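Below you'll find the structure, written out as structure tokens, and then a few comments.
The values are calculated or read from the model by the stated rules, or taken from the named source; none is laboratory data. A quick note: this is a predicted structure, and the numbers were derived from the prediction, not measured. Counting neighbours? That spans all protein chains shown, and the Cβs are built from the backbone with ideal geometry, glycine included. All accessible areas refer to the heavy atoms of the entire protein, side chains included, with ligands and DNA or RNA removed. Shrake-Rupley method; radii C 1.70, N 1.55, O 1.52, S 1.80 Å.
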Amino acid sequence: MDTQQRTFPEGVPSWIDLEQPDLAATQEFYGGLFGWQLEPVGGGQYVIARLDGQDVAGLAEPDPDLPPSPGGWTTYVAVDDAGAAAARVAAAGGRVVVPAAEVGPAGHMAVVEDPAGALFRLWQAGRRLGVQVANVPGAWNFSDLRGADVDTVRDFYADVLGWELDDMGFSVLVRRSGYGDHLAATVDPGIHERQAGVSAPEGFADAVAWIDTSTPATEAAWHVTFTVADRDDTAAAAERLGGVVVSTADSEWTRTAVVRDPQGATFTASQFTPQEG
């Protein structure tokens, strides 16, 4: 079994977490929905969610010193130096909400806001490298920016994180050049061949996020999507556990459901359904 740890080059989203007042209820809902194993760390104030022993997300009670993320779930982006990256945020027209600071041995974090007003966090990894499994049922699939005008944020993310944006018509693909090669050299040696087999778009191996152009440019926020084996089964389970299915949609690639959990956080459950051939 390959035990190599998953690492994240600068500019690649690396971690997600959720802060809610009733942490026990949060664990009950997501543990029941995704089959997560849950381990309290740091004196029990933070909970690491795992699949088969591999880190997939964090759960916590709200920190009064940190602003809440609209929609609930927070996306972290890997950087080599949180302080230097925060300085780039300010220079590029964003806002540093909470300056870079050490979070114990786990790493260094800064809370920042892009020019459209979307909050996210910069993560300079220490011991906590980021998610160790992704794109499998019960794990993080990707994060997408919603409610933002692309032209408002294009130069910002290019300057701060080195992102390249490709308009796919239905949405905007965010790429970090070289990420696919990084995956191929580390935890996913077959990524290029696998994506060629499903006729993925050019450069898709470098994909790190999306900008959803279908949502109106109102309150900008980063939204998270989880991979599931069966959209309908997941939607039914979410409702049994006290959640609400806000909407469902089918495309040539996915079957999705937007879910609101019992404490109001929203996320998308996505079943991958590529066309044969």
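Could you run through segment 4-30 and say how many residues are under 23 Å from Leu145 (Cα atoms) and part of a helix (DSSP H, G or I)?
Total satisfying the criteria: 1.
Could you pull out every one of the helices (runs of 4 or more DSSP H) wholly within segment 144-249 that has 1 or more residues that are open to solvent by 60 Å² or more (accessible area, probe 1.4 Å) and touching a His at 6+ places or on another chain (Cβ under 6 Å)?
Of the helices (runs of 4 or more DSSP H) lying wholly inside segment 144-249, none has at least 1 residues that are open to solvent by 60 Å² or more (accessible area, probe 1.4 Å) and touching a His at 6+ places or on another chain (Cβ under 6 Å).
Applying the selection to segment 114-143, what residues are under 15 Å from Val224 (Cβ atoms), of a type in the set (A, V, I, L, M) and assigned to a strand (DSSP E or B)?
Correct list: Leu119 only.
With the requirement that a residue be surrounded by 21 or more Cβ atoms within 10 Å (Cβ to Cβ), among the β-branched types (Val, Ile, Thr) and either closer than 28 Å to Trp163 by Cβ or over 18 Å from the mean Cα position of the chain (by Cα) (or both), what does segment 29-88 give you?
Val56, Thr74, Thr75, Val77, Val79
Take the residues in segment 250-261 that are under 30 Å from Ala196 (Cβ atoms) and part of a strand (DSSP E or B); name whichever of them is least open to solvent (accessible area, probe 1.4 Å).
Among those that are under 30 Å from Ala196 (Cβ atoms) and part of a strand (DSSP E or B), it is Ala257.
Given the criteria modelled with pLDDT of 95 or more and over 17 Å from Ala221 (Cβ atoms), does Gly93 qualify?
Answer is yes for this residue.
Could you tell me whether segment 146-160 includes any residue that is in contact with a Gly (Cβ under 6 Å, 6 or more places away or on another chain), under 30 Å from Ala84 (Cα atoms) and basic (Lys, Arg)?
Within segment 146-160 (the criterion being in contact with a Gly (Cβ under 6 Å, 6 or more places away or on another chain), under 30 Å from Ala84 (Cα atoms) and basic (Lys, Arg)), the answer is no, since none of the residues qualifies.
Which of the residues that make up segment 125-140 are of a type in the set (A, V, I, L, M) and more than 15 Å from the chain's Cα centre (by Cα)?
The answer is Ala125, and nothing else.
Here are Val198, Val172: which of them is farther than 26 Å from Leu129 by Cβ and within 17 Å of the chain's Cα centre (by Cα)?
Sole residue among the options that is farther than 26 Å from Leu129 by Cβ and within 17 Å of the chain's Cα centre (by Cα): Val172.
Report, by residue number, each residue of segment 247-277 that is of a type in the set (Gly, Ala, Ser) and on the phi < 0 side of the Ramachandran plot.
Ser247, Ala249, Ser251, Ala257, Ala265, Ala269, Ser270, listed by residue number.
Would you list the strands (runs of 3 or more DSSP E) that sit entirely within segment 31-71 and hold 3 or more residues that are in contact with an Asp or Glu (Cβ under 8 Å, 6 or more places away or on another chain)?
Once the strands (runs of 3 or more DSSP E) in segment 31-71 are filtered for at least 3 residues that are in contact with an Asp or Glu (Cβ under 8 Å, 6 or more places away or on another chain), what remains is 46-51, 54-60.
Evaluate segment 262-276: report whether one residue or more is within 30 Å of Asp22 (Cα to Cα), surrounded by 15 or more Cβ atoms within 10 Å (Cβ to Cβ), β-branched (Val, Ile, Thr) and touching a residue at least 24 places away in the same chain (Cβ under 8 Å).
Yes, because at least one residue in segment 262-276 is within 30 Å of Asp22 (Cα to Cα), surrounded by 15 or more Cβ atoms within 10 Å (Cβ to Cβ), β-branched (Val, Ile, Thr) and touching a residue at least 24 places away in the same chain (Cβ under 8 Å).
How many of the residues in segment 201-246 are modelled with pLDDT of 95 or more and more than 18 Å from the chain's Cα centre (by Cα)?
Looking only at that region, the number is 18.
Which of the residues spanning segment 114-143 are small (Gly, Ala, Ser) and open to solvent by 10 Å² or more (accessible area, probe 1.4 Å)?
Result: Ala116, Gly117, Ala125, Gly126, Ala134.
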